[in-house]
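Below is one structure, written out as structure tokens; comments come after it.
The values are calculated or read from the model by the stated rules, or taken from the named source; none is laboratory data. Quick caveat, the model's predicted, so the values are computed rather than measured. In this analysis, Cβ positions are derived from the backbone assuming ideal geometry, glycine residues included, and neighbour counts consider all displayed protein chains.
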2 protein chains.
Amino acid sequence: MATESISSVHRKTTLSDIATGCGVSRATVSLVLRGSPLVNKLTRAKVEKELRRQNYVYNRAAANLRRRSSSSIALILNDLANPFFAEFASGVDERLGEAGYVTLLGSTGESIEREQAVLRSLIEHGPAGIILSPAEGSDVSHVLAAVGGQTPLLLFNREVGGNAPKAAHWDRLMLDNQRGARLATEHLIALGHRHIAFFGGHRDSSSCRERFAGYTEAMRAAGLLIKPHWRVECAPNRVDAVVQCPALFARSPAPTAAVCYNDAVALGLMLGLCQRGMQPGHDFALTGFDNIAEAALGVPPLTTLAVAPRERGRQAAELILQRLHEPLSAPRYIIAPVQLMVRASSYTLPTT
Amino acid sequence: MATESISSVHRKTTLSDIATGCGVSRATVSLVLRGSPLVNKLTRAKVEKELRRQNYVYNRAAANLRRRSSSSIALILNDLANPFFAEFASGVDERLGEAGYVTLLGSTGESIEREQAVLRSLIEHGPAGIILSPAEGSDVSHVLAAVGGQTPLLLFNREVGGNAPKAAHWDRLMLDNQRGARLATEHLIALGHRHIAFFGGHRDSSSCRERFAGYTEAMRAAGLLIKPHWRVECAPNRVDAVVQCPALFARSPAPTAAVCYNDAVALGLMLGLCQRGMQPGHDFALTGFDNIAEAALGVPPLTTLAVAPRERGRQAAELILQRLHEPLSAPRYIIAPVQLMVRASSYTLPTT
DNA sequence: TCTGCTGATTGGAACGATCCAAATGTAACC
DNA sequence: GGTTACATTTGGATCGTTCCAATCAGCAGA
């Protein structure tokens, strides 16, 4: 026993070590490992004892090489540090783990160059599939060049630019951005607001475009006009939202409510309003998007749209697993529903 | 060209395909791939052209098998959904990517059983090293049993239970919890506070014990007594902190300030104080720990301890890379410094 | 004894790369 | 021409597993 632990410092024990160790062939040991019903009970017991004795660890890479299969799935995110994606990743990993897959992680930090590099690096490890939340401005042809048409790919959260050639029949899982923003806008309209702004986000982001579309849809349906200065762009974070807040009130008529691009922006806007002496939820109503943890606990609590990122993660994993199971079925395009969470930031009627 | 893209649907192109495709041996192609100076310029050009033509992708798994090396590192976290760890993971992945490694992700969700399963699963993929932030209550012998003494392991953030045998000479990267809490406490004392509570966290968590130790250290050094009811335990989240808030004021003398286990708890306590009609930062001072994004932007902004999780991630990656480079050097034990960020939640003197 | 059959086991060739020793071609020198 | 030196190239074994066809032992039936 002592001998084993010393020798094991030098070289990992392999199938053959076990085989010679208990006087059977490699093939038999392999069968035991995979729980084949072909092997005799007694030999199975003998082999398993030896496996424990030498404390053998399976070399999945070698097995995958021979079987021309893979047991990993690549998860590439544009911003892992963002809690939304962190929770998503957590869900993905959870579901993949259940299915016996391992997650290859890659974070691109919104850089297209890094996305290329990460894709190229991960693809060399031969993942069975890829879940990709593309960086802003990512392009079909670039992604396709890096991954090649072989590996199944699931696009999450964002579309990629460039008109997709038929070759790329990727699955897609998106959030219902447009409907979400429409719901929020309708909610504000129902409360009596007429001057409603759309605050935050960048025009070149697809999710922002979709949310803006939902907002305009609701406004148009209610017969409300949108003043140009009610569309204020800013980076999707708190700090920039605070800075851009005054732009909302630069011209009249000033809005009495705002649909914000996401929660971070909404929380920033709240802060900006406070700095102007206004009281969010009282003399100005606003909504967010994402339902991050702090949305429910702020003062006032923020009305927002829940997207259930962990569930989306599990769903993404599920979709890619299905794809592996049926490689030839038609590509799927799923728009995950979002849910309006009404809270105090939009309770009160405007004091116009 | 069309032929290639069709045939490539069936089977990945390999070294031999390239070799026969341009009339050289596999060995030569291999040399080209690895940029060896041995090959002639002309043959290199010829081979590279063929590589592009067949758009070959390197099979790193096969190479690793032969070279008995690995190009991946496992990252196992007790709670990926936590922004602190998400940012840490982001830093790890960033640094590992630079070094040409790929990150194998595993999230345990604070479950020891899952930790075992995840470790066992990931180790089969033969990572070159492991970065582990253990689940609460994780044990040396369990971890050791799962990973075997072979693979270098870096312990992050938490110690594991059980007295470590000499066999496990793991590197460790910890946060300076004790000093952090001591700094916060000293800061409150310097502001004039005498009745200071320690709020939140669980006694069985090692980081909580360390922070509590820093608090008592500072109190003792200042000659201040600690009343038993100033130590209030609660789960490390906002919701439970709100619930437990009244316990602080159940008996007199009531504290005028509190050192909180972390930011989440501190933000919850703020909320709880507001519900009691108190004004955090004005008639009660408090500090957090972690410096999460919302700490700076709350009302009032929260005094807390910055731990720079992304930097810690890069550092962890760096440490494990160094370990791979020098497998035999003495195990390292690094305690990362934390930095006190003084903000409005602790500006004012108590109104006693 | 021979044949057929079932249940267990096995040797050897893969998988796609790398390593190594040996072979090849070319130029240079005596 | 023969020897040496150098720059390139290469066949075959190998990493640790799985696949496949072949083998083997044991037993029943003729």
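Quick test for you: out of B:260, B:234, B:274, B:208, pick the one residue that is more than 23 Å from residue A:83 (Cβ to Cβ) and either surrounded by 15 or more Cβ atoms within 10 Å (Cβ to Cβ) or not assigned by TED's automatic domain parsing to the domain that holds residue B:139 (or both).
Step by step, each of B:260, B:234, B:274, B:208 is checked, and only B:274 is more than 23 Å from residue A:83 (Cβ to Cβ) and either surrounded by 15 or more Cβ atoms within 10 Å (Cβ to Cβ) or not assigned by TED's automatic domain parsing to the domain that holds residue B:139 (or both).
Of all the residues that make up the range A:114-130, how many are surrounded by 24 or more Cβ atoms within 10 Å (Cβ to Cβ), touching a Leu at 6+ places or on another chain (Cβ under 8 Å) and facing chain B (nearest Cβ under 7 Å)?
Qualifying residue count for the region: 1.
Just wondering, is there one or more residues in the range A:159-173 that are in a helix (DSSP H, G or I) and under 23 Å from residue A:323 (Cβ atoms)?
Pass one, the range A:159-173, residues in a helix (DSSP H, G or I): none.
Checked the range A:159-173: no residue is in a helix (DSSP H, G or I) and under 23 Å from residue A:323 (Cβ atoms).
Which condition number does residue A:196 fail, the rest of (1) surrounded by fewer than 18 Cβ atoms within 10 Å (Cβ to Cβ); (2) in the same structural domain as residue A:219 (by TED's automatic domain parsing); (3) of a type in the set (A, V, I, L, M) being met?
Among (1) surrounded by fewer than 18 Cβ atoms within 10 Å (Cβ to Cβ); (2) in the same structural domain as residue A:219 (by TED's automatic domain parsing); (3) of a type in the set (A, V, I, L, M), residue A:196 violates only (1).
Hey, any hits in the range B:275-292 for a residue that's modelled with pLDDT of 95 or more and assigned to a helix (DSSP H, G or I)?
No; the residues of the range B:275-292 include none that is modelled with pLDDT of 95 or more and assigned to a helix (DSSP H, G or I).
Considering only the range A:55-65, how many residues are more than 10 Å from DNA strand C (Cβ to nearest atom) and either of a type in the set (Gly, Ala, Ser) or modelled with pLDDT of 95 or more (or both)?
The qualifying residues number 5.
Inside the range A:177-211, can you point out the residues that are assigned to a strand (DSSP E or B) and of a type in the set (Ser, Thr, Tyr)? Give the derivation first.
Initially, the range A:177-211 is screened for residues assigned to a strand (DSSP E or B), giving A:196-199, A:201.
If the condition is that a residue be assigned to a strand (DSSP E or B) and of a type in the set (Ser, Thr, Tyr), then no residue fits.
May I ask you to list the residues in the range A:31-43 that are more than 7 Å from DNA strand C (Cβ to nearest atom) and either touching a residue at least 60 places away in the same chain (Cβ under 8 Å) or buried (at least 16 other Cβ atoms within 10 Å of the Cβ) (or both)?
Passing the criteria: A:32, A:33.
Name the single residue that is farthest from the chain's Cα centre (by Cα) among those in the range B:66-98 being more than 9 Å from chain A (Cβ to nearest Cβ) and within 16 Å of DNA strand D (Cβ to nearest atom).
Across the range B:66-98, the extreme among qualifying residues is B:66.
Given the conditions (1) assigned to a helix (DSSP H, G or I); (2) within 18 Å of the chain's Cα centre (by Cα), report the number of the one that residue A:144 does not fulfil.
Failed condition: (2).
So, in the range B:212-242, how many residues would count as being assigned to a helix (DSSP H, G or I) and within 13 Å of chain A (Cβ to nearest Cβ)? Steps first, please.
So in the range B:212-242, the residues assigned to a helix (DSSP H, G or I) come out as B:212-221, B:228-230, B:238-242.
When the remaining residues are screened for being within 13 Å of chain A (Cβ to nearest Cβ), the result is B:238-242.
Within the range B:212-242, residues that are assigned to a helix (DSSP H, G or I) and within 13 Å of chain A (Cβ to nearest Cβ) number 5.
Across the range A:71-120, what is the total count of residues that are out of contact with any Gly (no Cβ under 8 Å at 6 or more places or on another chain) and of a type in the set (Val, Ile, Thr)?
So the count comes out to 1.
Hey, among A:111, A:133, A:72, which residue is under 30 Å from residue A:294 (Cα atoms), surrounded by 21 or more Cβ atoms within 10 Å (Cβ to Cβ) and of a type in the set (Ser, Thr, Tyr)?
A:133
What's the total number of residues in the range B:61-107 that are charged (D, E, K, R), touching a strand residue (DSSP E or B) at 6+ places or on another chain (Cβ under 8 Å) and outside any helix (DSSP H, G or I)?
Of all residues in the range B:61-107, those charged (D, E, K, R) come to B:66-68, B:79, B:87, B:93-95, B:98.
If we keep only those that are touching a strand residue (DSSP E or B) at 6+ places or on another chain (Cβ under 8 Å) as well, we get B:79, B:93-94.
So of that shortlist, the ones also outside any helix (DSSP H, G or I) come out as B:79.
Number of matching residues: 1.
Show the residue pairs meeting these rules: Cβ distance below 8 Å; 6+ apart or different chains; first residue within the range B:9-29 and in a helix (DSSP H, G or I); second residue within 7 Å of DNA strand C (Cβ to nearest atom) and of a type in the set (D, E, K, R).
B:15/B:26; B:16/B:26; B:19/B:26
Please work out which residue is nearest to the other protein chains (Cβ to nearest Cβ), limiting yourself to the range A:10-47 and to residues that are within 7 Å of DNA strand D (Cβ to nearest atom) and of a type in the set (Lys, Arg).
First pass over the range A:10-47, keeping only residues within 7 Å of DNA strand D (Cβ to nearest atom): A:11-12, A:14-16, A:26-27, A:30, A:33-34.
Checking the rest, the ones that are also of a type in the set (Lys, Arg) come to A:11-12, A:26, A:34.
Working: A:11: 9, A:12: 7, A:26: 16, A:34: 13 Å.
Taking the candidates together, the pick is A:12.
State whether one or more residues within the range A:48-58 are part of a loop (DSSP other than H, G, I, E, B) and more than 7 Å from every other protein chain (Cβ to nearest Cβ). Can you show your working first?
Here is the first cut: in the range A:48-58, the ones part of a loop (DSSP other than H, G, I, E, B) are A:54-58.
Of the ones still in play, those that are also more than 7 Å from every other protein chain (Cβ to nearest Cβ) are A:54, A:56.
The answer is yes; a qualifying residue exists.
Yes or no: residue B:126 assigned to a loop (DSSP other than H, G, I, E, B) and either farther than 25 Å from residue B:314 by Cα or free of Cβ contacts under 8 Å to residues at least 40 places away in the same chain (or both)?
Values: assigned to a loop (DSSP other than H, G, I, E, B): yes; either farther than 25 Å from residue B:314 by Cα or free of Cβ contacts under 8 Å to residues at least 40 places away in the same chain (or both): no.
When the stated conditions are applied, residue B:126 does not pass them.
Determine if the range A:212-225 includes at least one residue that is touching a His at 6+ places or on another chain (Cβ under 7 Å), touching a residue at least 40 places away in the same chain (Cβ under 8 Å) and buried (at least 20 other Cβ atoms within 10 Å of the Cβ). Steps first, answer last, please.
From the range A:212-225, those touching a His at 6+ places or on another chain (Cβ under 7 Å) are none; that's our starting set.
No, the conditions are met nowhere in the range A:212-225.
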